[in-house]
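Trainee: Quick one: this structure, given as structure tokens, is what I'll be asking you about.
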């Protein structure tokens with residue numbers, strides 16, 4: 001005789017069949033009914049004899065208080081933001097602001113003078129230089145163009161100028177360890193730096209080290225002054241490692257274009273600022289990419305390093321700039337366009353890919369707080385460095401090359417609105433962007449290292465916290481590519497009805513969750529139940545329909561009847577296996593006692609009741625049983641052997657009325673019941689989920705009688721079998737007072 005056994009935790013995918021034996025049908029129905037039945041109306045029959053109802057408490061009428069998180073507005077992200085902010089406020093013309101920003105990179109202006117109390121988080125000059133290069137092509141003011149050309153000549157010296165003032169690095173061991181030869185830079189060399197290394201000086205102010213990779217020449221130029229040589233070595237290593245990593249990418253499914261790189265250290269004190277790390281002043285037509293590294297990159301790494309050989313932050317800075325080189329090589333049209341328009345992906349992807357090269361440095365995490373703040377009212381296309389977390393999520397879902405495909409799809413002309421329109425046309429973007437919002441608000445975006453990007457707690461603007469003290473109708477709105485979120489707070493003690501109507505004009509994607517302990521996102525339910533605790537829903541509203549206006553949803557929320565609270569229910573309950581066995585055998589108690597027998601059963605079957613009127617069922621359970629109709633004059637001469645696998649989970653709201661009735665309202669469905677059936681030793685073909693399409697498919701639904709005893713930690717659930725018949729009560733044992 002076959003005996004059914006199953007290792008707990010292992011799922012056997014059986015085959016569902018139309019059961020050939022009436023008793024089997026009854027048994028399967030009984031199991032299904034134990035996941036309370038489909039009725040949405042509480043039973044009106046009395047509690048089962050001998051069962052106690054748990055202690056009842058009157059519902060509190062004190063409104064819940066919600067204190068929104070206080071976030072200070074982040075500083076402007078970069079020099080581009082300060083430049084355009086000054087133009088919009090009338091502080092300067094575009095040309096004057098551009099010149100002053102460039103002077104920061106030559107040491108002629110301090111950041112404090114330019115930013116006027118709004119010191120940006122980063123003074124990386126790549127974007128400002130791109131704007132200046134564009135102005136040289138299209139600008140109308142001849143005087144400003146001449147000054148911009150002078151400044152760019154200082155900021156971005158040509159390779160031949162660098163080679164004229166540099167000597168190859170001495171052979172290994174010929175230089176003092178830790179520092180370059182102590183030939184303190186002369187005033188002449190300092191002036192040479194400030195003039196952009198004009199030809200004909202006859203001075204030697206730099207050393208350089210070089211090497212080849214992928215058929216390209218990499219060079220690192222560093223000054224003859226007291227600069228730690230370790231940083232020259234670290235820069236060279238990072239250039240090589242970044243080149244190797246980016247050469248494996250495939251923009252447009254083709255091998256990437258890769259060119260040579262010159263990295264120049266500029267460590268003049270006039271350009272000393274902890275936010276001024278590095279930049280790339282190269283255009284798409286240049287044959288070599290120039291990376292300029294400032295003293296700030298060394299200072300910041302020194303402040304963050306965990307040991308003498310820790311160059312992680314510095315190396316990631318170089319990798320960021322190396323990806324700017326990659327952008328100019330592979331997307332020249334987009335990169336050479338207005339950086340104010342393109343920096344949402346220009347800086348965001350450079351931050352992300354620097355983490356691909358150095359996944360454990362996590363310098364990009366410094367922008368997570370700014371993204372949390374700005375994403376509540378600013379579209380992706382209106383941010384910059386902060387967007388690294390979005391590109392991280394995109395790569396997690398579709399691979400690193402999907403990020404390159406996105407860049408390739410962006411127009412090289414137009415405005416931020418044109419960028420948003422192009423972004424909206426990418427396949428599946430509506431779902432991807434909304435799913436990203438859920439993951440970010442849940443703190444579930446995975447970093448390249450495999451760790452989780454720290455995005456909690458989620459920032460909610462204070463005016464988006466809505467407390468429902470009385471009936472009200474709210475219009476919730478979102479601009480395209482904004483992670484618009486609201487918290488809906490329902491005070492304790494009532495049932496609230498909720499309805500929502502899309503008002504357009506843009507198509508809305510919307511979802512809600514109750515809290516992180518039940519982080520399944522779903523549609524906002526049609527009611528909120530607050531018998532034992534206030535309930536707060538986080539509501540996420542997004543749209544990607546650029547050019548169509550806002551997405552708008554009208555939400556109506558109304559307090560209804562007061563609810564009783566049975567605190568006995570709160571906690572985690574596990575099914576009692578002997579009780580469940582009695583429950584399964586009950587339909588056969590009036591038949592031949594030998595017809596039904598349980599061979600084995602066990603696993604996990606738990607109910608988690610929360611104070612917020614939510615219950616989650618957790619199932620990984622099996623039952624192996626036999627129906628023996630051989631002999632005895634039955635006329636069937638059949639032996640049915642069945643293995644039921646009950647797996648998955650389900651989430652529902654619940655109401656207990658205080659007199660032994662409980663009702664369940666399904667929210668989340670991931671419940672599965674499968675079976676393997678042998679008739680007279682032969683497996684019966686078939687397949688599918690027994691619960692598919694059935695009224696029990698959520699695992700938790702409908703109504704039941706219950707009794708809960710706090711002292712003994714015992715819960716009984718009794719289900720209606722229809723026609724006034726009640727099933728055998730099933731016992732659950734409390735295993736924890738917490739859900």
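Trainee: Does residue 200 satisfy the condition of being free of Cβ contacts under 8 Å to residues at least 40 places away in the same chain and under 18 Å from residue 261 (Cβ atoms)?
Mentor: no
Yes or no, residue by residue, for (1) over 43 Å from the mean Cα position of the chain (by Cα); (2) modelled with pLDDT under 90; (3) under 24 Å from residue 289 (Cα atoms):
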site: 137; (1), (2), (3): no, yes, yes
site: 147; (1), (2), (3): yes, no, yes
site: 160; (1), (2), (3): yes, no, yes
site: 164; (1), (2), (3): yes, no, yes
site: 167; (1), (2), (3): yes, no, yes
site: 171; (1), (2), (3): yes, yes, no
site: 177; (1), (2), (3): yes, yes, no
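Trainee: Does residue 350 satisfy being modelled with pLDDT under 95, under 23 Å from residue 432 (Cβ atoms), in contact with a helix residue (DSSP H, G or I) (Cβ under 7 Å, 6 or more places away or on another chain) and assigned by the TED database to the domain that holds residue 446?
Mentor: Against the criterion (modelled with pLDDT under 95, under 23 Å from residue 432 (Cβ atoms), in contact with a helix residue (DSSP H, G or I) (Cβ under 7 Å, 6 or more places away or on another chain) and assigned by the TED database to the domain that holds residue 446), residue 350 does not qualify.
Trainee: Inspect all residues belonging to region 268-283 and state whether any of them is touching a strand residue (DSSP E or B) at 6+ places or on another chain (Cβ under 6 Å), modelled with pLDDT of 95 or more, crowded, with 18+ Cβ neighbours inside 10 Å and not in a loop (DSSP other than H, G, I, E, B).
Mentor: no
Trainee: State whether the residues of region 622-640 include one that is assigned to a strand (DSSP E or B) and under 21 Å from residue 713 (Cβ atoms).
Mentor: no
Trainee: Please go through region 335-352 and pick out each residue that is assigned to a helix (DSSP H, G or I) and more than 17 Å from residue 383 (Cβ to Cβ).
Mentor: 335
Trainee: Working only within region 579-625, note down all residues that are closer than 30 Å to residue 710 by Cα and without any contact (Cβ under 8 Å) to a residue 40 or more places away in the chain.
Mentor: If the condition is that a residue be closer than 30 Å to residue 710 by Cα and without any contact (Cβ under 8 Å) to a residue 40 or more places away in the chain, then 581, 585, 601, 618 are the ones that fit.
Trainee: Using the structure shown, decide if residue 244 is surrounded by fewer than 22 Cβ atoms within 10 Å (Cβ to Cβ) and assigned to a helix (DSSP H, G or I).
Mentor: When the stated conditions are applied, residue 244 passes them.
Trainee: Among the residues of region 707-723, which ones are outside any strand (DSSP E or B), surrounded by fewer than 19 Cβ atoms within 10 Å (Cβ to Cβ) and in contact (Cβ under 8 Å) with a residue 24 or more places away in the chain?
Mentor: 710
Conditions (1) under 20 Å from residue 372 (Cβ atoms); (2) at pLDDT below 95; (3) not assigned by the TED database to the domain that holds residue 644, marked per residue:
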position: 479; (1), (2), (3): yes, no, yes
position: 513; (1), (2), (3): yes, yes, yes
position: 541; (1), (2), (3): yes, no, yes
position: 582; (1), (2), (3): no, yes, no
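Trainee: Let me ask something additional. Answer yes or no as to whether residue 495 is in a strand (DSSP E or B) and either surrounded by 19 or more Cβ atoms within 10 Å (Cβ to Cβ) or free of Cβ contacts under 8 Å to residues at least 40 places away in the same chain (or both).
Mentor: For residue 495, the condition - in a strand (DSSP E or B) and either surrounded by 19 or more Cβ atoms within 10 Å (Cβ to Cβ) or free of Cβ contacts under 8 Å to residues at least 40 places away in the same chain (or both) - is met.
Trainee: Is there a residue being over 14 Å from the mean Cα position of the chain (by Cα), outside any loop (DSSP other than H, G, I, E, B) and surrounded by fewer than 21 Cβ atoms within 10 Å (Cβ to Cβ) anywhere in region 433-445?
Mentor: There is no residue in region 433-445 that is over 14 Å from the mean Cα position of the chain (by Cα), outside any loop (DSSP other than H, G, I, E, B) and surrounded by fewer than 21 Cβ atoms within 10 Å (Cβ to Cβ).
Trainee: Here are some residues: 330, 301. Which one is within 28 Å of residue 405 (Cα to Cα) and out of contact with any strand residue (DSSP E or B) (no Cβ under 7 Å at 6 or more places or on another chain)?
Mentor: Result of the check over 330, 301: 330.
The values are calculated or read from the model by the stated rules, or taken from the named source; none is laboratory data. Small disclaimer: the values here were computed from a predicted structure and weren't measured. Note: ideal-geometry Cβ built from the backbone for every residue, glycine included; neighbour counts use all protein chains shown.
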